[in-house]
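Beneath this line is the structure, given in structure tokens, with notes to follow.
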Amino acid sequence: MTPEGGGTGFYINKDGLLITNAHVIESYNEVRVESFAGGHSISCPVVRKVDDYDVALVKCDTVSLPVRLPWKGWVQRGESVNAIGAPFGKPAILTKGVVSNHLTEEELIRSDVEIHPGNSGGPLFNSKWEAIGITTSNYAIPVMGLEGESVDVTVPGITKAIPILRALKVLNIKVHHRK
Amino acid sequence: MTPEGGGTGFYINKDGLLITNAHVIESYNEVRVESFAGGHSISCPVVRKVDDYDVALVKCDTVSLPVRLPWKGWVQRGESVNAIGAPFGKPAILTKGVVSNHLTEEELIRSDVEIHPGNSGGPLFNSKWEAIGITTSNYAIPVMGLEGESVDVTVPGITKAIPILRALKVLNIKVHHRK
Amino acid sequence: MTPEGGGTGFYINKDGLLITNAHVIESYNEVRVESFAGGHSISCPVVRKVDDYDVALVKCDTVSLPVRLPWKGWVQRGESVNAIGAPFGKPAILTKGVVSNHLTEEELIRSDVEIHPGNSGGPLFNSKWEAIGITTSNYAIPVMGLEGESVDVTVPGITKAIPILRALKVLNIKVHHRK
């Protein structure tokens with residue numbers, strides 16, 4: 001998915017409804033979506049966006065294979081997680097980790113799976129390959145680059161994700177569970 | 001546990017004896033200890049501190065749930081480890097990895113579990129959830145921050161821990177094993 | 001293995017044939033090889049080097065215990081991998097991760113195992129402890145050090161390896177598989 005720097009998204013129904021981060025969409029009304037399987041990219045309108053929760057919906061005119069969604073939102077500390085994304089415009093990349101905590105205060109899932117710019121908006125799967133969250137950010141420290149510019153340095157092992165059921169609720173979406 | 005920047009510690013008996021890093025204690029004679037479970041914090045005196053080995057004992061006037069301790073100190077390369085800590089003052093965070101080596105020379109356990117400031121003094125568990133070590137430091141490189149200040153950047157995958165039996169010996173402590 | 005900064009290599013037959021990265025060898029005709037088991041180091045001539053693929057062969061006059069090699073080169077996304085190396089001149093270090101992708105374009109295996117300078121040229125094992133690749137580099141960003149110098153900061157979770165069968169082909173080597 002590429003407005004500018006790019007990001008990742010995933011289909012939540014078979015009619016081309018795609019969820020991602022609001023910050024990936026930026027202020028575009030339409031984004032180009034490219035399948036991990038390759039092929040040509042298609043242009044899809046942004047249908048909803050809630051900046052406060054960093055979630056957005058895009059509707060592509062395509063038949064899509066949706067992710068499996070969990071029945072309950074709760075995750076357990078220590079649970080295995082898998083992130084899939086397209087950092088640096090590279091082909092789909094898998095990284096693995098565990099849930100470090102369910103941050104009730106910030107209402108985010110924290111894990112030690114490594115993600116990178118471009119992973120944003122992509123799915124965080126549990127061990128049953130249900131998409132339990134939208135990987136959103138990892139913790140980074142700004143330091144000085146070689147030309148005095150600000151460079152964000154990733155702190156390893158700190159990744160946050162928006163719980164999927166919360167994202168759907170915020171976006172006011174009901175989805176049928178894939179059996 | 002909070003003198004300043006904070007750190008983590010863990011109970012080694014049910015009478016409130018808590019072990020941590022000496023560098024977490026700094027030069028305080030008393031520290032405030034807050035339970036992961038939340039609730040009010042209590043003030044506990046530092047009872048012993050060996051700076052050369054970076055270990056310290058604190059005695060809280062409370063009934064405590066101690067960690068399980070291992071019967072033997074030796075760890076195996078490749079063994080799974082779990083670190084628990086409170087980096088950045090956040091709630092208890094779990095990260096996972098494997099033992100990379102038993103550094104006989106430095107007498108430390110090295111693993112690829114990710115830890116962060118605030119994890120210091122916290123337990124490193126094996127897969128049986130025995131506290132085999134006190135997570136102490138990860139490797140960091142100083143680089144220049146945006147205002148010319150020194151910023152420590154974590155090198156991923158390099159974490160050191162003090163073997164627990166060694167720490168107990170240095171602190172001259174005998175503990176009963178929890179069955 | 002040490003010309004300068006050092007690196008890692010591994011034996012691919014029992015007659016002392018050792019494979020590593022070309023960039024570990026630099027432009028030396030002979031390198032000093034030290035066993036992980038310790039003991040004295042030996043001097044071994046470089047017998048072949050293909051800079052374009054960053055692979056090299058060294059022949060030590062010793063009886064060696066070779067790694068197991070895989071029968072097929074293909075790896076699966078999500079497969080467990082283990083890297084062994086000697087970063088920072090420390091004793092053999094094990095780190096674990098999963099295959100993130102098989103980068104067909106660059107013909108490299110990408111994984112989220114953490115490696116460090118000194119791991120270069122070392123083996124990347126699968127879960128059957130077959131050496132499927134030569135760990136070669138992790139992604140790093142240059143930032144400014146405290147004295148204005150360039151410091152490479154490792155981006156966590158991005159490690160590349162040269163598939164072993166490709167390396168052997170490029171070096172024009174046939175090896176017998178260890179049963």
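Structure notes:
- Normalising the average separation of contacting C-alpha pairs (under 8 angstrom, six or more residues apart) by the number of residues puts the relative contact order of the stretch B:80-170 at 27 percent.
- Comparing B:Val155, B:Val67, B:Val75 in a Gaussian network model of chain B where C-alpha atoms under 10 Å apart are linked, the largest mean-square fluctuation is found at B:Val155.
- Rg/Rh, computed from the Cα trace of the protein assembly as shown with Rh as the Kirkwood radius, has the value 0.99.
- Gaussian network model of chain A, Cα within-10 Å springs - most flexible of A:Lys14, A:Lys49, A:Lys96: A:Lys14
- Charged neighbours of B:Leu171, selected by a Cβ distance under 15 Å, balance to +2 (K, R count +1; D, E count -1).
- Nearest to the axis that brings chain B onto chain C is this chain B residue, judged by its Cβ, with the distance in whole Å: B:Pro156, 2.
- Here, P(r) means the percent of Cα pairs in each 10 Å bin from 0 to the largest distance; for the stretch B:10-59 it is 26, 58, 15, 1.
- Label point 7 Å beyond Cα along the C-beta direction, distances from A:Trp74 to other copies (nm, shortest first): 4.2, 4.2
- Cα-based reach from A:Lys174 at 18 Å (exclusive), listing lysines while leaving out same-chain residues under 8 positions away: A:Lys14, A:Lys49, A:Lys59, A:Lys72
- Note on chain B: GNM, Cα springs under 10 Å; of B:Gly73, B:Gly122, B:Gly145, the largest mean-square fluctuation is that of B:Gly145.
- Charged-residue dipole, Cβ positions (Lys, Arg, Asp, Glu), the stretch A:80-170 about Cα centre, Debye nearest 20: 420 debye
- Distance between the pseudo-spin-label points of B:Asp152 and B:Ile173 (7 Å out from Cα toward the beta carbon): 2.3 nm.
- Compactness of the stretch C:80-170 is given as radius of gyration and Dmax, 13.7, 46 Å, from Cα positions.
- Ranked from shortest, the separations from the 7 Å Cα-to-Cβ label point of B:Gly148 to its equivalents in the other copies are 1.2, 1.2 nm.
- Each copy carries a label point for C:Lys59 at 7 Å from Cα along the beta-carbon vector; from one copy to the others these points are 7.0, 7.0 nm apart, nearest first.
- Across chain B, the relative contact order, built from alpha-carbon pairs under 8 Å that are at least six residues apart, equals 21 percent.
- Where only C-alpha atoms are counted, convex hull volume of chain C per residue in Å³: 122 Å³
Every read-out reported here was derived from the displayed coordinates using simple, explicitly stated rules and does not represent laboratory data. This is a predicted model, so every value here is computed, not measured. Methodologically, a virtual Cβ is constructed for each residue, glycine included, from the backbone with ideal geometry; neighbour enumeration extends over all protein chains shown.
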